Amino acid sequence: MNASRTAVQEHPVEPAGRATALPVTWRRALVPAAVAGVLAASIVLRFATRSDLWLDEAVSVNIARLPLSELRGALRVDGAPPLYYFLLHFWIRVFGEGDLAVRSMSGVVSVATLPAAYLAGRRVGGSRVGWFAVLLLAASPYAIRYATEARMYALIMFLVLWGYLVVRRALEQPSFARLAVVTVIAALLLYTQYWSWYLIIVVGGIVIVAAWRASSIESRRAARAVAIALAIGAIAYVPWLTTLSYQIGHTGTPWGGAVVPWSAMTAAFASFVGVGTPQHAEAYWLLVPIVALPLLALFGRALDGHRIELDLRTRPAVRWEVVVAFGTLVLGLVASYVGGV
């Protein structure tokens with residue numbers, strides 16, 4: 001008996017939880033370090049470009065260099081709205097006309113979009129989902145590519161993500177300030193890229209449906225207020241309509257014809273994963289997570305760390321977000337095909 005007691009005292013049995021203490025400690029230290037490393041690398045990549053400006057970038061810079069009084073006339077034959085060129089005009093005044101300088105505006109805007117990705121993810125599933133959203137956007141080949149171009153696409157991502165947050169807040173607790181920001185962002189989107197019309201139409205349609213189906217007077221009033229704010233943002237576009245009308249008749253993409261929507265959809269997904277030329281074909285394997293992740297977000301519910309339950313009725317937390325994302329893309333592709341552009 002004494003011998004057994006002595007053996008136990010000399011070699012005490014560790015509690016079951018103690019054996020995993022070191023791995024958990026390492027994991028808690030490594031995960032933030034890995035996240036910081038990915039974010040740091042993604043920020044560097046948003047400014048690391050050695051190629052010369054390509055044609056569209058050079059045109060953007062040449063137009064932005066003009067006096068503001070000549071901007072509208074130059075854009076009549078270019079086929080784009082004015083906001084990006086207006087901002088780039090002042091950026092060039094401060095930082096110059098070098099390739100890195102003119103591209104850096106998109107890089108800065110892209111970095112400023114990352115906090116919006118975190119906040120959007122946190123709204124859906126808490127802080128952990130927020131960090132996953134940041135990492136997805138930070139490492140996205142699509143986002144990195146357009147962060148390194150002197151074009152308006154990084155600005156669109158910035159406005160869309162921050163606009164999503166404002167619209168959501170306005171639907172929950174409408175106030176004059178929030179509705180005013182919704183109006184401003186809607187107008188800024190329309191003055192940045194013409195495809196924003198499809199986004200405004202889809203979001204406006206969903207908000208109108210939400211007002212019609214609302215179960216309370218407060219929700220109905222909030223949805224109506226957001227719909228009106230979006231409409232006012234669209235009305236703010238009226239001064240540019242004469243220029244748009246001229247552009248429709250005199251500009252376009254003469255090197256390409258109409259593409260059937262499903263083919264264009266495939267090309268869109270390919271561009272999301274970084275496939276730009278046949279030399280980038282290795283990026284096609286990323287199509288699997290690009291398609292699977294939205295489907296899991298729409299239909300899947302995590303039961304624990306190893307199991308996912310599928311709900312064919314879709315998950316309410318992201319149902320309308322998915323409708324907006326795919327609805328905008330489908331509407332734009334169909335409209336382009338019907339219009340022959």
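The values are calculated or read from the model by the stated rules, or taken from the named source; none is laboratory data. Note that the structure is a prediction, hence the values are computed from the model and not measured. For neighbour counting, all protein chains shown are included, and Cβ atoms are generated from backbone atoms with ideal geometry for every residue, glycine included.
If you check 102, 31 for being more than 15 Å from residue 144 (Cα to Cα), at pLDDT below 95 and not assigned by TED's automatic domain parsing to the domain that holds residue 190, only one passes: 31. Count of region 62-110 residues, restricted to those that are assigned to a loop (DSSP other than H, G, I, E, B), in contact (Cβ under 8 Å) with a residue 12 or more places away in the chain and more than 20 Å from residue 245 (Cα to Cα), is 3. Taken together, 198, 194 contain a single residue that is in contact (Cβ under 8 Å) with a residue 40 or more places away in the chain and part of a loop (DSSP other than H, G, I, E, B), which is 194. Among the residues making up region 49-78, a single one is loosely packed, with under 11 Cβ neighbours inside 10 Å and hydrophobic (A, V, I, L, M, F, W, C): 55. Filtering region 299-336 to residues that are assigned to a loop (DSSP other than H, G, I, E, B) and acidic (Asp, Glu) leaves 304, 311. Taking every residue in region 312-323 that is over 7 Å from residue 298 (Cα atoms) and pairing it with any residue that is at pLDDT 85 or above, at least 6 positions away or on another chain, the pairs with Cβ-Cβ distances below 6 Å are 317/124; 320/206. Does residue 177 satisfy the criteria of being part of a helix (DSSP H, G or I), of a type outside the set (Lys, Arg) and closer than 20 Å to residue 331 by Cα? No; evaluated as a whole, the condition is false for this residue.
Restricted to region 136-153, and to residues there that are closer than 20 Å to residue 322 by Cβ and assigned to a helix (DSSP H, G or I), the residue that is modelled with the lowest pLDDT is 142. Here residue 187 qualifies as in contact (Cβ under 8 Å) with a residue 40 or more places away in the chain and part of a helix (DSSP H, G or I).
May I ask you to say which residue of 168, 213, 221 is touching a residue at least 40 places away in the same chain (Cβ under 8 Å) and surrounded by fewer than 16 Cβ atoms within 10 Å (Cβ to Cβ)?
221
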